[in-house]
Amino acid sequence: MAGRAALRAEQERHLRSSRGGQPGFSSSVSDLSSSGPTRSAPPSEAGSYTSRRSRAMHNMDGNRDPEQPGSAGERDPSSKSASILVNPRNFDLSTTGWSTVRRSDVPRTLPSRPAPSKLGTAAKTSLNSFQVEALPTEPIYQFEVLIGSGVEKRGLVRRMWESNAVRTAVGRNVVYDGDRLAWSKEPIKGAVNMMVDLDSEYDRKVKPGNERKNIHRILIRQTNRVRMDVLAAYLNKQVSFDNACLEAINFLDHALREWPSKNFTQIKRSFYPKSQTPFALSGGVIATKGVYSSMRIVHGGQGQPARLAVNVDVANGTFWTGSPLKNLAMEITGITQVADLMLRCKAGEKGAVGIQLKKLRKLHVQARHRVDHGSKDAFVENFVVEKLIYQSAKDFTFAKDGKQISLYQYFQHQHGIALNYPGLPLVQTTKKLRDGSKVILPMELLQADSQQRYPFKLDERQTSNMIKFAVTPPKERFEAIQNGLKMLNWPQDPVLRHFGIKVSINRTTVDSRVIAAPIVQFGQGDAKPGTSGRWDLKGKKFLTPNPLPLKSWGVCVVPGRRGGKPDKSVVTGFIKEFIKGYINHGGKVENKDPSFTLASGDDIGTWVTVAWNTAGQQSQIRPQMLVFILPDKQAEVYGRIKRSADCRYGVVSQCMQYAHVQKCQAQYISNVCMKFNAKLGGTTARAIGAKSKGPSGIFTTATCIIGADVSHGSPGSDVPSMAAMTMSMDKLGIRYAAGAETNGHRVEMIQEENINSILKPLLKSWMQNVNAGKLPSRIMYFRDGVSEGQYQHVLQQEVRDIKELLKGANPGMNIPMVVLVGSKRHHVRFFPPAGGDRNGNALPGTLVEAGVTHPFENDFYLASHAAIKGTARPMHYHVLLNEADMPNEEIQTLIYEHCYQYIRATTPVSQHPAIYYAHLASNRAVPHDPKWAGSSDGPPPVAAKPRSGSQSGSQPAASGGVKSGSQSGPPPEVPKLLPMPNAGNIMTSMWYI
């Protein structure tokens, strides 16, 4: 109660307040051995958004932002931003807008939009973007809404707002954000301060003796007027983006969603029809198609002013099946008979079934066992599942009228219901009785509500089915977008018409460019993919083979789980063909008779040890490669092999499936050879364009490329985040070394300690092997997976820490950095009005700089790949820093050509390889966790020297397969990964490929 009183006082304060030079660097390799200066990150500016549901931290994008100074949610009443209560989650605001949200200065180094690119040839590209043709011309009044104590659930908040008492007080044509803000064309004189009896509003009968009142307070007060004229001035580049622009965008975004939210099931910015034939994904999960829409500020095109547009796309949602709860429980567990389910539930919540059924927590369900005695008809009661009780209804007893009675007897005597399946788990709901105890109901009497979002990660089978459902070619996708436009029905939207907002239903077509595809140069036999985005390896030798001939290597064959032994002649025949294929591609193989071992026992670490020892004894030198032929695809077996090979022995390894070995197809052998060669130090091919013919490719100065990515565990889990960083290891930017480390819990910004421990050894290797012991003249930093709200944090933390690392070598040297964020988490798609590739997608190399890009900041969309199926998703690149003054055309050419240099493919990839490799390394490092769930071999047999910045410990840690930690929250500390011994130079190899 004290917390609620404090929160209420804070809300009252809000109402009252609403009235009124670069570091330098060194060129010495040895200097990098020192640790260099370290410092803690200064606190970031406080954000301007305060929500009743999240006052402790500004979780704008699902990840942790830096800690905010001052008390959570507190605002300075004297600040001009005191009345701003904007929730910018998922806003398309770019860096300047988010600086306003956080009340911080726009970075002075932020590059402005340059002149349009002249690369390649001119083309036209249609976008799923729809222009806003008219904005409100009359004043829009903004109100702050306070309901109850400020911590009420969304359902109660919505019922309060939709009550007749409130709607009469504020009018019918009012837009409400469901939280703290409302907008109207009509002002409110004074404040609306009233108590609303929801039982009376919704004609609910209160049971005699029920003293709990359903009466709540609502306080509504006008704060200011939304300034559309200021937004128009910003679009015309007459003023800077400020709070007035933010408020206008916020109002327009909510006005766009107000009417659809009443007609469809809403999940954030997506809407799903309530009557639609679902697509079953298995396990009680279904998928349905809906529509996504988002208001954004966009570049109007050459010679055109900035404007507003609405990005519309298909939304593919996953939902629980609306079915009887017992049926849903059977689908989740894969059990087909109720009797079997009851039997296996006897193991309790810690049994296999109990663990699976934990997914039912927070599920909304209905019960119809009560009868309205006035009409003799059963009526619906709504509940929320809190947990399952693994006890029979006949055994679960409680006191009633001074006697102990079982739940089975209660329903039989009270409601005339004889339970058919009393052995099913009981459902404890969140609803309380008058004595404070929770309502407990039999599972068989409950029905799961339909249209409930499925919040968990899909399993392999569900994912496979979801891909079949979601992946559609461009023509079908745009037809689905048109169906979404019919759902939104902007011309008939009463809210848009009331406020004078008009949105075109015709998609935007912009001028674009198609960058010429480079030649893919091999050591022998060049490829000219042109606009096809494809080539093959027939008759081609790798650009550079393995530097050291393959002398010491071994093959370990793993039998099937049922004891079936693979045919040795098949395996030896495949290895001969594989060696032949590798040599034909230019590989150097001195030992054409590798050691062979047959795995035995269940200890996978022992398999690796035996293979390692056998290969070493055969050649009397350290093994260079271990090959494992597996009976099937098992993530745990694969992870344990990689864990032992990487961290115990520091040797690269290659896993293959026996089914592919049996087929022994030339294409499969060639594909594996690319990975094999890369792990042994070779390169597949290089891209050569008009400006990249020299020995250093497109680089005119010594350039080091760094890529970075951070992956997170599923929401609500105690799985730590994993940071991975890559660095180019040759002058052409083909080979990349990588390092990875745990990065706290849902922390998106890479910690300074991790930047130092990962980049320092990689940079030393780059200097020694690429640039004659000197530091680079230029650094390009590609960052993946960062939301717009954290662009500034990339500059203020990660880029700063990289500069500090370099500054520790020599403060007198200034290395310019070019920083780009690459993102695929967006809803922009290309639809070529004519031509396109064989699937109807935009041609590889299609570059778009207008229609969906920011009008004043330097960003662009590039479709660099040819999608095998479905609609290609272009990559969105945003230039955050350009100290090297690289022309945009050079940046765009470099990105596109390097996509053809991806080392394990015969097609250009969809994003720059530096961040693609960082993503791979992040996933591959998961088994390196000391407490990884798939491990049984423990730490390395010989104590290895920890990496710089690492720490010892045995706390629970790190990743998708990590052992379960505390259920009350994430562990306070995250242990470091097992180090990889670098005796075999594994740290600078492409171990993660």
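The values are calculated or read from the model by the stated rules, or taken from the named source; none is laboratory data. What you are looking at is a predicted structure, and each value in this text was computed from that prediction instead of being measured. For neighbour counting, all protein chains shown are included, and Cβ atoms are generated from backbone atoms with ideal geometry for every residue, glycine included.
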*Just to be sure, is D709 among the charged types (D, E, K, R), outside the structural domain of E577 (by TED's automatic domain parsing) and assigned to a loop (DSSP other than H, G, I, E, B)?*
no
_Based on this model, can you work out whether K213 counts as in contact with a strand residue (DSSP E or B) (Cβ under 7 Å, 6 or more places away or on another chain), more than 30 Å from T95 (Cβ to Cβ) and not acidic (D, E)?_
no
*S714 being touching a Ser or Thr at 6+ places or on another chain (Cβ under 9 Å) and of a type in the set (S, T, N, Q)*: no
*Which residue out of D801, D885 is at pLDDT 90 or above, in a loop (DSSP other than H, G, I, E, B) and among the charged types (D, E, K, R)?*
D885
*A723 is checked against (1) surrounded by fewer than 24 Cβ atoms within 10 Å (Cβ to Cβ); (2) more than 30 Å from W553 (Cα to Cα); (3) at pLDDT 95 or above; (4) touching a strand residue (DSSP E or B) at 6+ places or on another chain (Cβ under 6 Å) and fails just one. What number does that condition carry?*
(1)
*What number of residues within the stretch 112-144 are closer than 28 Å to S94 by Cα and assigned to a strand (DSSP E or B)?*
18
*asked:* So in the stretch 151-165, with the set limited to residues that are in contact with a strand residue (DSSP E or B) (Cβ under 8 Å, 6 or more places away or on another chain) and assigned to a helix (DSSP H, G or I), which one is farthest from P494 (Cα to Cα)?
replied: L156
*Got at least one residue in the stretch 965-974 being part of a loop (DSSP other than H, G, I, E, B), touching a strand residue (DSSP E or B) at 6+ places or on another chain (Cβ under 6 Å), farther than 30 Å from F699 by Cα and modelled with pLDDT under 90?*
yes
*Looking at (1) exposed (fewer than 13 other Cβ atoms within 10 Å of the Cβ); (2) in contact with a Ser or Thr (Cβ under 8 Å, 6 or more places away or on another chain); (3) not basic (K, R), which is the one condition that is false for A393?*
(1)
_Can you report the number of residues in the stretch 680-706 which are assigned to a strand (DSSP E or B) and under 30 Å from P549 (Cβ atoms)?_
6
*asked:* Going through H919, H898 one at a time, which residue ends up being in contact with a His (Cβ under 7 Å, 6 or more places away or on another chain), closer than 26 Å to I815 by Cβ and buried (at least 19 other Cβ atoms within 10 Å of the Cβ)?
replied: H898
*If the Cβ limit is 7 Å and pairs must be 6+ apart or interchain, which residue in the stretch 382-405 that is outside any loop (DSSP other than H, G, I, E, B) pairs with which residue that is of a type in the set (D, E) and at pLDDT below 95?*
L388/E349
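Here's the yes/no breakdown for (1) among the hydroxyl-bearing types (S, T, Y); (2) modelled with pLDDT under 90; (3) part of a loop (DSSP other than H, G, I, E, B); (4) in the same structural domain as D435 (by TED's automatic domain parsing):
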residue	(1), (2), (3), (4)
S149	yes, yes, yes, no
R167	no, yes, no, no
W183	no, no, no, no
D199	no, yes, no, no
G209	no, yes, yes, no
D229	no, no, no, no
*Does the stretch 524-552 hold any residues that are surrounded by 14 or more Cβ atoms within 10 Å (Cβ to Cβ), hydrophobic (A, V, I, L, M, F, W, C) and in a loop (DSSP other than H, G, I, E, B), and which are they?*
W535, L537, F542, L543
*Tell me, which helices (runs of 4 or more DSSP H) lie completely within the stretch 574-672 with 2 or more residues that are among the basic types (K, R), at pLDDT 95 or above and surrounded by 19 or more Cβ atoms within 10 Å (Cβ to Cβ)?*
635-643
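For the stretch 217-276, give me each residue that is of a type in the set (S, T, Y) and under 29 Å from Y454 (Cα atoms).
Of everything in the stretch 217-276, those that are of a type in the set (S, T, Y) and under 29 Å from Y454 (Cα atoms) turn out to be S261, T265, S270, Y272, S275.
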*Of G354, G317, which residue is more than 14 Å from E444 (Cβ to Cβ) and not assigned by TED's automatic domain parsing to the domain that holds K431?*
G317
